[in-house]
Structure formats: C-alpha cells, structure tokens
1. So, in region 4-33, how many residues would count as being in contact with a helix residue (DSSP H, G or I) (Cβ under 8 Å, 6 or more places away or on another chain) and assigned to a strand (DSSP E or B)?
2. Within region 144-172, how many residues turn out to be farther than 20 Å from residue 113 by Cα and touching a helix residue (DSSP H, G or I) at 6+ places or on another chain (Cβ under 9 Å)?
3. So how many residues does region 267-286 have that are in a helix (DSSP H, G or I), on the phi < 0 side of the Ramachandran plot and surrounded by 18 or more Cβ atoms within 10 Å (Cβ to Cβ)?
4. Do we find a residue being in contact with a strand residue (DSSP E or B) (Cβ under 6 Å, 6 or more places away or on another chain), surrounded by 18 or more Cβ atoms within 10 Å (Cβ to Cβ), farther than 20 Å from residue 249 by Cβ and in contact (Cβ under 8 Å) with a residue 12 or more places away in the chain anywhere in region 7-24?
5. Here are some residues: 247, 234. Which one is more than 21 Å from residue 194 (Cβ to Cβ), out of contact with any strand residue (DSSP E or B) (no Cβ under 6 Å at 6 or more places or on another chain), modelled with pLDDT of 95 or more and assigned to a helix (DSSP H, G or I)?
6. Among the residues of region 56-78, write down those that are part of a helix (DSSP H, G or I) and within 18 Å of the chain's Cα centre (by Cα).
7. Return a yes/no flag: does region 53-60 have any residue that is more than 20 Å from residue 205 (Cβ to Cβ) and touching a helix residue (DSSP H, G or I) at 6+ places or on another chain (Cβ under 6 Å).
8. For region 183-214: of the residues being without any contact (Cβ under 8 Å) to a residue 60 or more places away in the chain and touching a strand residue (DSSP E or B) at 6+ places or on another chain (Cβ under 9 Å), which is surrounded by the most Cβ atoms within 10 Å (Cβ to Cβ)?
C-alpha cells in the first residue's frame, strides 16, 4: 500500500456523484474541492446555504468546469434530513459517494430539534438517518462507498451508554459526549459494512483527520485552543492534509469495506493517510447491533440491507 498517498493519487471521478456533508469549510470543503477537480459531480450538503454557495464559488474559481451544487441539510433536524434526502433522490438516480463529514465538537450541553443530545444527534443520528434514506441510490452502483468521518476522540472518555445516550441521567461531559458520538460513527460503519457484505457493491469505510487546523475546535476548552494554537505547526496539519484520509477512504481502489484510515505519523496526529486501527470497543459486534437498533428507533429510519 502506498505510504505517501496524496491528493495527486485520487483517480479520475468523471461520471461519479459525490454528496459531502459539511462541505462549506474545513475538511469537508477540501474533500469536495479535490473530488470536483477530478471530475465528480459534487453536492455540498450544508446547513448554511449562503456559505455553501460561497464555497461552491471558490471551487469553481479553482476548477472552472467543476460540477458543484448546494443542498440545504441541517443534521440537527430529522425533518431537514428527510427533505434533503428527498431532494437528492429526485435529482440523482445514482449516488457513488456519500461522505458523512459534518459535525460539532465539544459543544455546551444542548439538544437537537428532535430532543437528541446535540453531539450524538448531529454527528451520528443525523448521518445514520441520511445514509438510510439515500442508500438505495447506491446499492446498484459499482464502487459506491459510504465514508464516515470519526476522530481520535473515539478513544477519549468514550463509551456507548445505551441506557443514557442523551446524557439525561449523568452529569454532562462535553468530552465524553463527543467521544460517544465519534465511537458511534465507527460502530455504525462496521455494522453497516457487515450488513452490506456479499449483498451489494457498496462498502462502508471510516476515516479520521488526525489533528487538523479547522473551525471544529472552536468549542474546545481554552487551554486546548491555546495549546493547539501555540504548537499548531508541530502537532497539527492544515485542512487539506486533514482531508487526505477521507479522500483515500473514498477513492483509493485498494480500499476494502470496514477499513479505517488516518494519518500515519506519531499518535496519528498528522502525516500521510494509511489504514489504522480503532479501539477494541469500536469492534464490539453486540454493541454495534444494539446501537443500530436504538438508532433506528430514535430516527424512525430503517435500511434496505
């Protein structure tokens, strides 16, 4: 496997349709930018459509013939997720890539419009519902992939408490809630891949960006923001490098379902994208199945696999 993989290694994407959530900034934007430059028809699925249109303009300024559209998507609202999925289904009889990238990190205690804990609702449940509603547009498409962006934080104070997913019985922890949501991203990927295996050409893959300099860290504790800012050149990498694990998971012909990609450097903070290992808990199959069932119950979305 190429251990110095870069955006130059992304194969041509002409004729492919890619939906990227949270694509107006950061890693999502950089992912969409490269896919568009390689010829994919890219949908920027974003909450703020004004920012989405400005992002689309930046992409077409770099690649004048790029095929880029903007779709409103608010992952904190199941009504919005359903409306966006319906619109995407109307416009695209086939979808090659669904990149579940959008997310929030270390937010103050709060809930989505549907009453879900904000980080779990946005990072996991919104993407779970979107994937379920779009998956039948992918199941007959050779080479189609669902790529879900997790985080190193899936190892940090992370557990799946099925009796208290919404943090209603515990003292709220921003770090714990974020870790739970990122662990859920991985468990969702692995369970989805098991359901897809030998039944469809679609595969499910996960990725993480390491420590990337994006807006996502804005809700972190002051000391964390200070350390990252002070030592940024040493421990983190720019958003375009942080997007490489996602791009590799989405486009490298050698990728297999159920794999996980991240930077190869020290503690996976930065570096070229390679296949990496996730925590032992993320591979708990019984917990994966129980989380899947809970997610179906909470969202009302079932999958065609």
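1. 4
2. In the first step, residues of region 144-172 are kept if they are farther than 20 Å from residue 113 by Cα; the result is 144-163, 170-171.
Imposing the further condition that a residue be touching a helix residue (DSSP H, G or I) at 6+ places or on another chain (Cβ under 9 Å) reduces the set to 144-162, 170.
So the count comes out to 20.
3. 1
4. Applying the first criterion (in contact with a strand residue (DSSP E or B) (Cβ under 6 Å, 6 or more places away or on another chain)) to region 7-24 yields 17-21, 23-24.
Subset that is surrounded by 18 or more Cβ atoms within 10 Å (Cβ to Cβ): 17-21, 23-24.
Among the residues that remain, those that are also farther than 20 Å from residue 249 by Cβ are: 24.
Filter again for in contact (Cβ under 8 Å) with a residue 12 or more places away in the chain, leaving 24.
Within region 7-24, one or more residues are in contact with a strand residue (DSSP E or B) (Cβ under 6 Å, 6 or more places away or on another chain), surrounded by 18 or more Cβ atoms within 10 Å (Cβ to Cβ), farther than 20 Å from residue 249 by Cβ and in contact (Cβ under 8 Å) with a residue 12 or more places away in the chain.
5. Working: 234 fails: modelled with pLDDT of 95 or more.
Exactly one residue qualifies, and that residue is 247.
6. Step one: of region 56-78, the residues part of a helix (DSSP H, G or I) are 56-62, 78.
78 - this is the single residue of region 56-78 that is part of a helix (DSSP H, G or I) and within 18 Å of the chain's Cα centre (by Cα).
7. Initial filter on region 53-60 (more than 20 Å from residue 205 (Cβ to Cβ)): 53-60.
Going one step further and asking which of them are touching a helix residue (DSSP H, G or I) at 6+ places or on another chain (Cβ under 6 Å), we end up with 55, 59.
Within region 53-60 (the criterion being more than 20 Å from residue 205 (Cβ to Cβ) and touching a helix residue (DSSP H, G or I) at 6+ places or on another chain (Cβ under 6 Å)), the answer is yes, since at least one residue qualifies.
8. Filtering region 183-214 for residues without any contact (Cβ under 8 Å) to a residue 60 or more places away in the chain gives 198, 203-204, 211, 213.
So of that shortlist, the ones also touching a strand residue (DSSP E or B) at 6+ places or on another chain (Cβ under 9 Å) come out as 203-204, 211, 213.
Working: 203: 22, 204: 26, 211: 22, 213: 18.
Going through the qualifying residues, I end up with 204.
The values are calculated or read from the model by the stated rules, or taken from the named source; none is laboratory data. All of these numbers come straight from a predicted model, not from anything done at the bench. All Cβ positions, glycine included, derive from the backbone under ideal geometry; neighbour counts span all protein chains shown.
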